[in-house]
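Student: Below you'll find the structure I mean.
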Amino acid sequence: MGKPKVLLAATCRWLFPARLARALADAGCGIEAICPSGHALAKTAAVIRLHPYSALASSRAFQRAIRKSRPDLIIPCDDLAAEQLRILYTRAEAFGPDADPVRNLLDRSLGPRASYPVIESRSELISVASSEGIRVPETAPVSSLAEIERWLERHGYPAVLKSNGSSGGQGVRVVTDLPGAQRAFSLLSSPPSIARTLKRGFVDRDLTLVGPLLRQRRPSLSIQKFVAGREVTCTVACWNGEIRAMLI
């Protein structure tokens, strides 16, 4: 039996996927990656083959990478990669006779499709965590400024507005008064501006905002009670619903 093959999927130029590639290779996996040009994954010998990622044609890029690599597992390295792989599940017919094996691959890698609505909604995810007895801040989905104002009247300040599908703190705003809440709602509920998209593309070499700009997609929002404390990021690796590793 050969090495298990893992396809790492990255849409932005974070460094940690390269470290993950090395760790997986050291554990005995064969590593391939789909990523933008100039990514750190292209500079590590742990990756045996690279596949080009295109922000303007992400589904086709993922289809090509999966067909060529035929991985046992796909690991998305950022929220956008995970979202685009979930979209690919709904378009698996494009793989023809391989449609069912690709769906099985995505189920194995991302979890069952029935879990997608929970994963894609911050408020739904918080609700599930609460039902499992985990301490969570008061959270609610909001779709209008009036809903935000009513929530703030009941729960007070400070509060945190968050957009679904964002990552790295980019879709999060702490609000301490009503004018601040109004500004945050206007910013987070709007599609990315042309100026912001151009800056991200030319300065950061990141084209991930081009799609939302062209589609004029408005993200859904949630509001959350602010919890004072030290900021902590927790990364958890799970398999079949069981936690196997954790990094805090």
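The values are calculated or read from the model by the stated rules, or taken from the named source; none is laboratory data. All of these numbers come straight from a predicted model, not from anything done at the bench. Cβ: placed from backbone, ideal geometry, glycine included. Neighbour counts: every protein chain shown.
Student: Could you say whether any residue in the stretch 56-68 is modelled with pLDDT under 95 and touching a strand residue (DSSP E or B) at 6+ places or on another chain (Cβ under 6 Å)?
Tutor: No, the stretch 56-68 contains no residue that is modelled with pLDDT under 95 and touching a strand residue (DSSP E or B) at 6+ places or on another chain (Cβ under 6 Å).
Student: While we're here: So how many residues does the stretch 222-244 have that are among the hydrophobic types (A, V, I, L, M, F, W, C), free of Cβ contacts under 8 Å to residues at least 60 places away in the same chain and surrounded by 10 or more Cβ atoms within 10 Å (Cβ to Cβ)? Before the answer, list the steps.
Tutor: So in the stretch 222-244, the residues among the hydrophobic types (A, V, I, L, M, F, W, C) come out as 223, 226-228, 232, 234, 236-239, 243.
Those still in the list that are free of Cβ contacts under 8 Å to residues at least 60 places away in the same chain too: 228, 232, 234, 236-239, 243.
In the following step, the residues that additionally are surrounded by 10 or more Cβ atoms within 10 Å (Cβ to Cβ) were identified as 236-239.
Count: 4.
Student: Can you name the residue in the stretch 1-36 that is small (G, A, S) and under 21 Å from E83 (Cβ atoms) and is also surrounded by the fewest Cβ atoms within 10 Å (Cβ to Cβ) among such residues?
Tutor: Within the stretch 1-36, the subset small (G, A, S) is 2, 9-10, 18, 21, 23, 25, 27-28, 30, 33.
Now drop any that are not under 21 Å from E83 (Cβ atoms), which leaves 9-10, 33.
Numbers: A9: 27, A10: 25, A33: 29.
Filtering the stretch 1-36 for residues that are small (G, A, S) and under 21 Å from E83 (Cβ atoms), the one surrounded by the fewest Cβ atoms within 10 Å (Cβ to Cβ) comes out as A10.
Student: Is it the case, given these coordinates, that Q216 is among the polar types (S, T, N, Q), closer than 30 Å to E149 by Cβ, under 21 Å from the mean Cα position of the chain (by Cα) and at pLDDT below 65? If you could, list the steps in order and put the result at the bottom.
Tutor: Values: among the polar types (S, T, N, Q): yes; closer than 30 Å to E149 by Cβ: yes; under 21 Å from the mean Cα position of the chain (by Cα): yes; at pLDDT below 65: yes.
The answer is yes for Q216.
Student: Here is a follow-up. Answer with yes or no whether E132 is touching a His at 6+ places or on another chain (Cβ under 9 Å) and either over 30 Å from S54 (Cβ atoms) or basic (K, R) (or both). Reasoning before the result, please.
Tutor: Numbers: touching a His at 6+ places or on another chain (Cβ under 9 Å): no; either over 30 Å from S54 (Cβ atoms) or basic (K, R) (or both): yes.
It is false that E132 is touching a His at 6+ places or on another chain (Cβ under 9 Å) and either over 30 Å from S54 (Cβ atoms) or basic (K, R) (or both).
Student: When you look at E83, is it among the acidic types (D, E) and buried (at least 19 other Cβ atoms within 10 Å of the Cβ), yes or no?
Tutor: Working: among the acidic types (D, E): yes; buried (at least 19 other Cβ atoms within 10 Å of the Cβ): yes.
Considered against the rule, which asks whether it is among the acidic types (D, E) and buried (at least 19 other Cβ atoms within 10 Å of the Cβ), E83 comes out as yes.
Student: Exactly one condition in (1) in contact with a strand residue (DSSP E or B) (Cβ under 7 Å, 6 or more places away or on another chain); (2) at positive phi is not met by P71; state its number.
Tutor: Condition (2) is where P71 drops out.
Student: Just to be sure, is A65 touching a His at 6+ places or on another chain (Cβ under 8 Å), surrounded by 13 or more Cβ atoms within 10 Å (Cβ to Cβ) and closer than 24 Å to G2 by Cα? Explain how you work it out, then say what you get.
Tutor: Details: touching a His at 6+ places or on another chain (Cβ under 8 Å): yes; surrounded by 13 or more Cβ atoms within 10 Å (Cβ to Cβ): yes; closer than 24 Å to G2 by Cα: yes.
Against the criterion (touching a His at 6+ places or on another chain (Cβ under 8 Å), surrounded by 13 or more Cβ atoms within 10 Å (Cβ to Cβ) and closer than 24 Å to G2 by Cα), A65 qualifies.
Student: Keeping to the stretch 45-62, report how many residues are surrounded by fewer than 16 Cβ atoms within 10 Å (Cβ to Cβ) and out of contact with any Leu (no Cβ under 9 Å at 6 or more places or on another chain).
Tutor: Residues flagged as surrounded by fewer than 16 Cβ atoms within 10 Å (Cβ to Cβ) and out of contact with any Leu (no Cβ under 9 Å at 6 or more places or on another chain) within the stretch 45-62 amount to 6.
Student: Turning to a different aspect of this structure: Please work out if R13 is in a strand (DSSP E or B) and either among the charged types (D, E, K, R) or closer than 13 Å to I75 by Cα (or both). Talk me through it step by step, then tell me what you get.
Tutor: Numbers: in a strand (DSSP E or B): no; either among the charged types (D, E, K, R) or closer than 13 Å to I75 by Cα (or both): yes.
Answer is no for this residue.
Student: Let me ask something else about it. Any idea which of (1) of a type in the set (K, R); (2) within 27 Å of L41 (Cα to Cα); (3) free of Cβ contacts under 8 Å to residues at least 24 places away in the same chain is the one R67 doesn't satisfy?
Tutor: (3)
Student: Sticking with this structure for a sec: Just a yes or no: is a residue in the stretch 31-39 on the phi > 0 side of the Ramachandran plot and at pLDDT 95 or above? Before the answer, list the steps.
Tutor: Within the stretch 31-39, the first condition is being on the phi > 0 side of the Ramachandran plot, and the residues that meet it are 38.
The next check asks that each one be at pLDDT 95 or above; those that pass are none.
Checked against the condition, which is being on the phi > 0 side of the Ramachandran plot and at pLDDT 95 or above, the stretch 31-39 yields no hits at all.
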